[in-house]
Each structure stands twice: as C-alpha cells, then as structure tokens.
Amino acid sequence: MCDFDEFKHSIAQPIRIKDLIKQGSDFLIKNNILNGRSEVNWYFQHVLECNQVQLFHISDTVIDDRSYSQVLTFLKKRSKKIPFQQIIGKAPFYGRDFLVNSDVLIPRPESEIIISILENKKCKKLLDIGAGSGCLAITAALEEIADFVDLVDNSKKALKVAKKNIETFKIINANIYNLDILTEAPQMKYDIVISNPPYISKEEYNNLDYEVKNFEPQQSLTDNSDGYIFYKRYADILKSILKTKGVAVFEISHFFSKQKITSIFNQFSSIQFHKDLNGDCRAISIIND
C-alpha cells in the first residue's frame, strides 16, 4: 500500500500531464488497482474533455490547478477502492453513458445480453423489474424495442437515479413506480418483462471483491439466500403480468443449474437459455404460451 499524503507531497505543482499520469498510475497500481494505468488515462480524458489522441498531444503541458486538484481527489478516492464509475458519476451501457451513484448497481456488459435477445422485437409495453439506474428499460426505449416502458424498484433512491437518466435521454413514454416485487405485483399485463434481479447467493456475496461488496447496494446484488428467490417469485406472478405470447427475459448467474431454473418455471414450455461471449449461460427467455 502507498500512503496518499506521501504521494501527494511527491507530485507538487508544477507538473506535466504525462508525469502526473505516470505517477498517478504507479500510485494506483501500488494500491492494488491493477487497471490503474488505464483508469488514470480515462480520468484525464474525462476531466480535460478530450480523447486519447488529444490527451497525447497535450501531455507535455503543465496541468492547471483545477484539473490537478480533481485528479488528486480521484486518486485518493480510487485508492480507497471506490468504483471508478461512481467517482465520475457515469457508466457505459450499450454504447451510452448512464448516470450512476452508490444507490444503484453499476451497469455491466453482461447485462447487455438482455437487449441483444430483444433487439429484433417490437412491442407496445415493457416492464423492467428492479430497474436500478434504468439502463435496461431506457435502452429498450432508445432501441425502439418498446413504445412505452415502466420501471419498478423497491428503492426510492434508485428510482431518483432512473428518473434523472430518463430525463437525460428525453424518454417521454416512461413511468417509474416504487414497488417491492416480492410482496406486490403490477396491475397490468405487458408484452415484454425484463429483469436483472439480485441473483448472487449469500455465500457468493461474502466472497465478492471489496469494492463491489462495500460500495454497491447489497439489495441489488444478493437475495441473502440461495440466489433463486426472485425467480421463484417471477414464476408465481408471470402469467398475471405477461400477455399471452409475451416474452420475459431475465439475467441469471452462470453458476445456476439449468435444471433448477427450468423446474422453477415449469408452468412454461417455451424456455431458452442464452450464452454470453464466454460461452456461459447468462440469460433465460420465456414465452407465455
């Protein structure tokens, strides 16, 4: 571990951008941020509002006081394992940047499989259960998968983030509802129902990386049980919220048993498992036939 105060004294102004990039990268790597070099480059691009090529061309410039202060704040926070996306307040998903904070799960590339499965679908109404930042439902609207999207979550703080993202992307046909899906159910039927529920088991949760376990909302990650609780609930209510011939797509853990998931949704005959680019099963689609 490298002490931040000692590091700060070693990089006093004036300092060139390229020197601060190098020393900042070394500092993060010494603090076990293995991707530190890339992250420092990304952060400089974020602060200086430039791309990698532009950053290279100005790298011999002495950094201004404001940017210097911002970089130091970033390095201090990141050395404490606060996620990069939370520090800059945004995370990429399906080619777009979504606002995020500690109240919502950081969007993962794995979740894009839900959109990929639905990319050729066109429907009237879509429901996103446990919407968090809203990245799934908003992407479905932007990709013209659904004309209207409803987002539900049991966290009011998460829904505030989703609302900001809805406003940022100017989604007019979107509604948000505070609802605990384990005890309540939407009162209408949808053409498509999607969800990335908390599917990490209690045992797995205890072994998660420090920055995930300590900085992302626990209720978005684990059901504090075996990881199957939300799927069992979905199986109980799906016929009441999904139209006939409607499609449900849920992200699943690649550790899940296909046999167990199939048995949970035994009321449905049309079930398909979908693999990610690594060949792991990461989603299930169900047709309400």
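Overview of results
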item	result
Carbon and sulfur %, accessible surface of segment 141-222 computed with the full protein complex present, 1.4 Å	46 percent
Efficiency of FRET from Cβ geometry, Lys76 and Lys157, R₀ 41 Å, rounded to 0.05	0.95
Loop chymotrypsin sites (Phe, Trp or Tyr not before Pro), segment 200-275 (other Cβ atoms within 10 Å of the site Cβ: 14 or fewer; DSSP)	Phe255
Long-range amide H partners of Gly227 with built H, under 5 Å	Lys202
Evaluated at q = 0.12, 0.13, 0.22 Å⁻¹: base-10 log I(q)/I(0), Debye formula over Cα of segment 111-247	-0.47, -0.55, -1.42
Phi to ³J(HN,Hα) by Karplus 6.51 cos²θ - 1.76 cosθ + 1.60 over segment 124-136, Hz, x for Gly, Pro	7, 10, 10, 10, 10, 8, x, 5, x, 5, x, 4, 5
Distance histogram in 5 Å bins (all Cα pairs of segment 22-125, percent per bin)	2, 11, 18, 20, 18, 13, 7, 5, 4, 2, 1
Backbone HN-Hα couplings from phi across segment 139-150 [Karplus 6.51/-1.76/1.60, Hz, Gly and Pro as x]	5, 4, 6, 5, 8, 6, 6, 9, 6, 10, 10, 10
Charge context of Lys22, other residues only, Cβ under 10 angstrom, K/R +1, D/E -1	+1
Radius 13 Å from Cβ of Asp3, net charge of other residues (Lys, Arg +1; Asp, Glu -1)	+2
With DNA, RNA and ligands ignored, accessible area of Glu216 (1.4 Å probe; Å², nearest 10)	10 Å²
Accessible area per residue in Å² at 1.4 Å probe, computed on the chain	51 Å²
Net charge, Asp226 excluded, C-beta distance under 15 Å - Lys, Arg +1, Asp, Glu -1	+1
Heavy-atom accessible area ranking, 1.4 Å probe, most first, across Ile172, Ile271	Ile172, Ile271
Carbon plus sulfur fraction of accessible area for segment 1-120, probe 1.4 Å, in percent	49 percent
Between helix 65-79 and the chain: long-axis angle, C-alpha atoms, 0 to 90°, nearest 10	60 degrees
Entries in Lys170/Lys202; Lys157/Lys213; Lys90/Lys239; Lys80/Lys260; Lys156/Lys213 that, when Cα-Cα distance is taken, lie over 28 Å	Lys170/Lys202; Lys90/Lys239; Lys80/Lys260
Label-point separation, Asp236 to Arg16 (7 Å along Cα→Cβ), nm	6.5 nm
Two-decimal ratio, the chain, of alpha-carbon radius of gyration to 2.2 N^0.38 Å	1.13
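The values are calculated or read from the model by the stated rules, or taken from the named source; none is laboratory data. What you are looking at is a predicted structure, and each value in this text was computed from that prediction instead of being measured. Because the Cβ atoms are built from the backbone with ideal geometry, glycine has one as well, and the counts that use them run over all protein chains shown. To get the accessible areas, we keep the full protein, side chains included, count just its heavy atoms, and leave off ligands, DNA and RNA. Shrake-Rupley method; radii C 1.70, N 1.55, O 1.52, S 1.80 Å.
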